[in-house]
Amino acid sequence: MAELLAIDGAYGEGGGQIVRTAVALAALTGRGIRIDNVRAKRPNPGLAAQHLTAVRAAAHICEGHLVGDSLGSRSLTFFPRTRPKPGNYFFDVGAARPGGSAGAATLVLAAVLLPLAFAAGPSTVRIKGGTHMPWSPPYDYANDVWLPALAGMGVAATLALKAWGWFPHGEGAIDATIAGQTTLALKPLVLTERGAFRRVFGRAAAANLPPHVAQRMTDRAKAGLRRLSPRAAIVPENVRAASPGAGLFLTLEYEHTRAGFSALGEAGTPSETVADAAVQALLAHHEGGAPVDRYLADQLLPALALAKGPSAFATAAASGHLRANAWVIERFGLAQVAIAEAAGCVRVTVTPAAA
């Protein structure tokens, strides 16, 4: 076995982002890795259910050898045996922990999407788990912001929401269809200007709750956005799920890019408060002028590191996730990532080693 690339999971914010990016890049490059201090700076260190599922998913698509793939494990060894293989895959976050889990399905997708985009044929992936969860990209963000950005680089993938999954039971499901091709040449991106404002769209969803909950979030959001977007296309949806849940999911579209904002309800929190949180975040981004929101910034980096030329984008701030992804990418030697901070803006430049 070749020498393993050592990754310190305690770097920076010391969270799960390091694990997801490292296993995705290992699957893509065929490089064996060892991650120590997994999620060292989280309240419950080690692999949680969603991280464990992501690790096993990345290994499954390239017949990888894993050591330390267990709940709570603080060290992990992963050695891919083949290049990513196209196929029909199913991954269940709930199966990773006795009693189930509502771990985020979108974060599992982040570990396999790019590797399968470079596979020698199309793949379908069903991921069961939480679809609209705190501290993770909801399905709507992945579908309306992340995938369109990757599509601009040449990644052909679609998503479908098959079942809603909220905390604490999850039991949601998303389907991804990925048109893999070994000759894929990702285009670099330049997103330093967002262009003209186009529209706001989204939905207010309530699961297993009275119908007025979704409608109140919709009405409040439209009122808050009236000055920016008098005809914001926000629709109320009443849905069924394994757990009750509510949230507002908004997408802000410009000429060259999109940004996403959401807020989830909690017991005792008025619908109007939930709507206000998402609307205020959207308006703050719009007024700030940055083309790339803080969440998309870190999610773009792995793809930009594989592009056939340098890329650059501007974002409002350099998050811990952004810096962690930049560090992991540079550990693999795939690209140089420069993060230059100025008043009110951060410019990120990614120069792939192969460019």
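No value in this document is a laboratory result; all are computed from the given coordinates. Computed from a predicted structure; not experimentally measured. Note that each Cβ is placed from the backbone with ideal geometry, even for glycine, and that neighbours are counted across all protein chains shown.
Could you size up the charge dipole of the chain around its Cα centre, putting +1 on the beta carbon of Lys and Arg and -1 on that of Asp and Glu, and report it in debye to the nearest 20? Kindly include the intermediate steps, with their values, before the conclusion.
Details: 33 positive and 24 negative charges, 65 e Å.
My answer is approximately 320 debye.
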Pseudo-spin-label distance residue 158 to residue 196, built 7 Å along Cα→Cβ, given in nm, is 3.0
Of 155, 235, how do they rank once you tally other Cβ atoms within 10 Å and put the fewest first? 235, 155
Rounded, prolate or oblate (a/c below 1.5 giving rounded, otherwise prolate when a/b exceeds b/c) for region 158-220 by Cα gyration tensor: oblate
Tell me the angle of helix 105-117 to the major Cα principal axis of the chain, expressed in degrees between 0 and 90 and rounded to the nearest ten. 50
Spatially near lysine pairs across the chain, Cα under 30 Å, sequence gap of 8 or more or different chains: 8
Using the scaling law 2.2 N^0.38 Å as the reference, what is the normalised Cα Rg of region 195-288? 1.05
Computed over region 252-355, Cα set: Rg, Dmax in Å: 16.0, 53
Charge dipole (debye, nearest 20) of region 1-120; +1 at Cβ of Lys and Arg, -1 at Cβ of Asp and Glu: 40
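Where Rh is the Kirkwood radius over the Cα pairs of the chain, the temperature 25 °C and the viscosity 0.890 mPa s, what D in µm²/s does Stokes-Einstein return?
120
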Ascending count of other beta-carbon atoms within 10 Å, so fewest first, for 240, 97: 240, 97
Using the basic label-point model (7 angstrom from Cα toward the beta carbon), what is the residue 151 to residue 177 distance in nanometres? 1.3
Report the label-to-label distance for residue 212 and residue 71 in nanometres (one decimal), using points 7 Å from each Cα along the Cα→Cβ vector. 4.0
Cα pairs beyond 20 Å in region 5-184, in percent, come to 49
Net charge around residue 154, counting only other residues with Cβ within less than 13 Å of its Cβ (Lys, Arg = +1; Asp, Glu = -1)? +2
Taking the number of other C-beta atoms within 10 Å as the exposure measure, put 132, 285, 212, 256 in order starting with the fewest. 212, 256, 285, 132
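To the nearest 20 debye, what charge dipole does region 195-288 have about its Cα centre, counting +1 at the Cβ of each Lys and Arg and -1 at the Cβ of each Asp and Glu?
280
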On a C-alpha basis, how far is the centre of region 81-128 from the centre of region 319-353 in Å? Whole number, if you could? 26
The set of residues whose placed amide H lies less than 5 Å from the amide H of residue 241, leaving out same-chain residues fewer than 5 positions away, is 208
